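Step one of this worksheet: look at the structure below.
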Amino acid sequence: MFKRSLKVLLSNPPINRVKPSSTIIQPLSNTTTTTIINNNNITNFEKMTHKKSMTIDNICQNVRNAQYAVRGELVIRAEAISHQLQKQKTEGTKTLPFEEIVYCNIGNPQQLKQKPLTYFRQVVSLVECPDLLDNPYVEKIYPADVISRAKEILGSINNTTGAYSNSQGIGLVLRSVADFIERRDGHKSDPSEIFLTDGASVGVQRILKLLIKDRSDGILIPIPQYPLYSATIELYNGSQLGYLLNEEKGWSLEISQLEHSYNDAVSKGINPRALVIINPGNPTGQCLDRANMEEIVKFCLEKNVVLLADEVYQENVYVKESKPFISFKKVVKDMGGDYADLEMVSFHSVSKGFVGECGKRGGYMELNGVTQDVKAEIYKLASIGLCPNVIGQLVVDLMVRPPVAGEQSHDLYLKERDNIYESLKKRANLLTNALNNLEGVTCNPSEGAMYAFPQIRLPAKAVEYANSIGKAPDAYYCIQLLEATGICVVPGSGFGQKDGTWHFRTTFLPSEEAIEGVCKRIADFHQSFMNKYK
């Protein structure tokens, strides 16, 4: 068809219709040729057609298989609705029954209006713009201890945040972290055993990369678990070895479940390399007691598996009287003997707790019982990434070394810290109580972390319909909740759950002023949903 059209065009050139200086580009749909008429001359440019090197079928299948639910389908849909809301606002129309998306899908405190700690932001501002220190009015704007801290930090980084640091981290910050751990646990901490990281996630990924060679290597992970673990294990071509937490007993961790998962893996020729413990739990919010932690340490030593202690929520414990936070570092050192040298990596982050500086991407990991040659390989992995981001490292320093009594910023820091903590504790109780009042819903108390993980008993018709359209029933429920209320939560199927049960994870990060409204909107939606499918 194209050749015939071209033949006609060549035999009847439109000389009289085109000015000598004009250029007309005429794309022909579904062809690979563009005809250009320029100064009465016709030239055909054949576009090269070639096969793409990257296709969905030939990229790494582990990437395709990896799933990260907290930023998956629900969030993509939520962002699309958010754009629709913005357009609605611009045009002055109203087609949706809500005015904003409430992102309860991820522990991102400042997205939900948690205010940053004043001391942290003041120090960082001076460090980022050291010329302010030369301003004669600086002492009228910033407290003296803030100025002093900024100068100390700048002295440790050659007066700039724009240069690479050591791959393991800034020396000043490594020492601060070690001092923090010593104060917390009552045991010695060596800065050379600490690596600063871009949030705890990078530390976790680095250690899993070290442990996994192929599918014959397995990692024991809790079910439910945080998708960082399942996704990373899949990316690195390892095997996920899930052990069920006991929902009926407050998401307790039972050693019999660890034994079952371990033995099942060995029977299949899989070598369990490490055990992941998230304490306080994510998404389940439970806190471990010392007796349970000692059982876990004994299991790891007996089975010769590395203990990966995810302790990023250590400041988010709301049952301090009955279950205060205890680090696994303290437990193994208190137990002594061979236990004290257990191979273990502990992780912490500035993203959680009352700090909530997720965007700063600061964190650390501490090694215990790891040989020097293996530590050298970890250093090599860190070096490949050059260094952790410098501002993230400095926020770690502020987290582990806040203003102390007698310093000008101390009282304000304590006030802000305690207000955030008490408010989170109040919101946790308010949300779990509201969820437990819903038909067919049960929710264990959130002893720690930032989440509630209720079980929802969906009507058979809802389950049947969800399955008929290829959706997990809890994912279908969450999509309907989003589209009816603007509240974005994550289905339990994204975290793993006991067969035949359905859950969702929600944060309780909306402000105290907003959380009651969130609870009411969930309750109204839930009743409507249940009535529809009864």
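The values are calculated or read from the model by the stated rules, or taken from the named source; none is laboratory data. Just so it is clear, the model here is predicted, and its values are computed rather than measured. When we count neighbours, we look across all protein chains shown, and the Cβ atoms used for this are built from the backbone with ideal geometry, even at glycine. The area values use the complete protein model at the heavy-atom level, side chains included, leaving out ligands, DNA and RNA. Shrake-Rupley method; radii C 1.70, N 1.55, O 1.52, S 1.80 Å.
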### Query
Can you find even one residue in the stretch 387-400 that is small (Gly, Ala, Ser), surrounded by fewer than 23 Cβ atoms within 10 Å (Cβ to Cβ) and either under 25 Å from the mean Cα position of the chain (by Cα) or at pLDDT 90 or above (or both)?
no
### Message
I'm checking my understanding of the structure. Among residues of the stretch 495-511 that are touching a helix residue (DSSP H, G or I) at 6+ places or on another chain (Cβ under 6 Å) and open to solvent by less than 20 Å² (accessible area, probe 1.4 Å), which one is nearest to Leu431 (Cα to Cα)?
### Response
Phe508
### Task
Report whether or not Thr501 is touching a strand residue (DSSP E or B) at 6+ places or on another chain (Cβ under 6 Å), in contact (Cβ under 8 Å) with a residue 40 or more places away in the chain and polar (S, T, N, Q).
yes
### Query
Any chance the stretch 447-463 includes a residue that's under 30 Å from Ile147 (Cα atoms) and of a type in the set (Ser, Thr, Tyr)?
no
### Query
Quick check: is even one residue across the stretch 492-500 more than 19 Å from Ala78 (Cα to Cα) and not in a loop (DSSP other than H, G, I, E, B)?
no
### Query
For the subset of the stretch 107-121 comprising residues that are modelled with pLDDT of 80 or more and buried (at least 20 other Cβ atoms within 10 Å of the Cβ), which member is farthest from Phe495 (Cα to Cα)?
Tyr119
### Query
Which residue pairs have Cβ atoms under 7 Å apart, sit 6 or more places apart or on different chains, and have a first residue in the stretch 408-427 that is in contact (Cβ under 8 Å) with a residue 40 or more places away in the chain and open to solvent by 70 Å² or more (accessible area, probe 1.4 Å) and a second that is part of a helix (DSSP H, G or I) and among the acidic types (Asp, Glu)?
Gln408/Asp145; Lys426/Glu512
### Task
Could you grab me the full set of residues in the stretch 301-331 that are under 30 Å from Ser493 (Cβ atoms), of a type outside the set (A, V, I, L, M) and under 26 Å from the mean Cα position of the chain (by Cα)?
Asp310, Glu311, Tyr313, Gln314, Glu315, Asn316, Tyr318, Lys323, Phe325, Phe328
### Query
Is one or more of the residues making up the stretch 478-485 over 27 Å from Leu241 (Cα atoms), of a type in the set (D, E, K, R), in the same structural domain as Ile106 (by the TED database) and over 25 Å from the mean Cα position of the chain (by Cα)?
no
### Message
What are the pairs with Cβ atoms under 7 angstrom where one residue, in the stretch 291-302, is over 14 Å from Asp334 (Cα atoms) and open to solvent by less than 70 Å² (accessible area, probe 1.4 Å) and the other, located anywhere, is among the aliphatic types (A, V, I, L, M) and part of a helix (DSSP H, G or I)? Sequence gap at least six, or different chains.
### Response
Phe299/Ile255; Phe299/Leu258
### Query
Can Asp334 be described as out of contact with any Gly (no Cβ under 6 Å at 6 or more places or on another chain) and either assigned by the TED database to the domain that holds Gln314 or more than 21 Å from Ser176 (Cα to Cα) (or both)?
yes
### Summary
Among residues of the stretch 88-104 being open to solvent by 100 Å² or more (accessible area, probe 1.4 Å) and assigned to a helix (DSSP H, G or I), the residue nearest to Ile515 (Cα to Cα) is Lys89
## Note on the structure
Taking the stretch 164-186 and keeping only residues that are open to solvent by 50 Å² or more (accessible area, probe 1.4 Å) and either among the hydrophobic types (A, V, I, L, M, F, W, C) or in a loop (DSSP other than H, G, I, E, B) (or both), one is left with Tyr164, Asn166, Gly186
### Extreme residue, most open to solvent (accessible area, probe 1.4 Å), among residues of the stretch 191-225 that are assigned to a loop (DSSP other than H, G, I, E, B) and not hydrophobic (A, V, I, L, M, F, W, C)
Lys213
### Message
Suppose the filter is open to solvent by 10 Å² or more (accessible area, probe 1.4 Å), closer than 26 Å to Val374 by Cβ and touching a residue at least 12 places away in the same chain (Cβ under 8 Å); does Val312 pass it?
### Response
yes
### Message
Looking at Ala340, Ala274, can you tell me which residue is in the same structural domain as Tyr229 (by the TED database), open to solvent by less than 30 Å² (accessible area, probe 1.4 Å) and over 28 Å from the mean Cα position of the chain (by Cα)?
### Response
Ala340
### Query
Identify, please: which residue in the stretch 504-519 is assigned to a helix (DSSP H, G or I) and in contact (Cβ under 8 Å) with a residue 24 or more places away in the chain and is, among those, farthest from Arg77 (Cα to Cα)?
Glu512
### Query
If you check Ala484 against the conditions, is it within 27 Å of Leu85 (Cβ to Cβ), in contact (Cβ under 8 Å) with a residue 12 or more places away in the chain and surrounded by 21 or more Cβ atoms within 10 Å (Cβ to Cβ)?
no
### Message
Return the pair list, or none, for Cβ contacts closer than 6 Å from residues in the stretch 108-137 that are farther than 25 Å from Tyr421 by Cα to residues that are of a type in the set (Val, Ile, Thr) and at pLDDT 90 or above, at least 6 apart or on different chains.
### Response
Val127/Ile153
### Query
What residue, among those in the stretch 343-353 that are over 19 Å from Ile378 (Cα atoms) and open to solvent by less than 20 Å² (accessible area, probe 1.4 Å), is nearest to the chain's Cα centre (by Cα)?
Ser351
### Query
Across the stretch 248-260, what is the number of residues that are touching a residue at least 40 places away in the same chain (Cβ under 8 Å), in a helix (DSSP H, G or I) and surrounded by fewer than 20 Cβ atoms within 10 Å (Cβ to Cβ)?
2
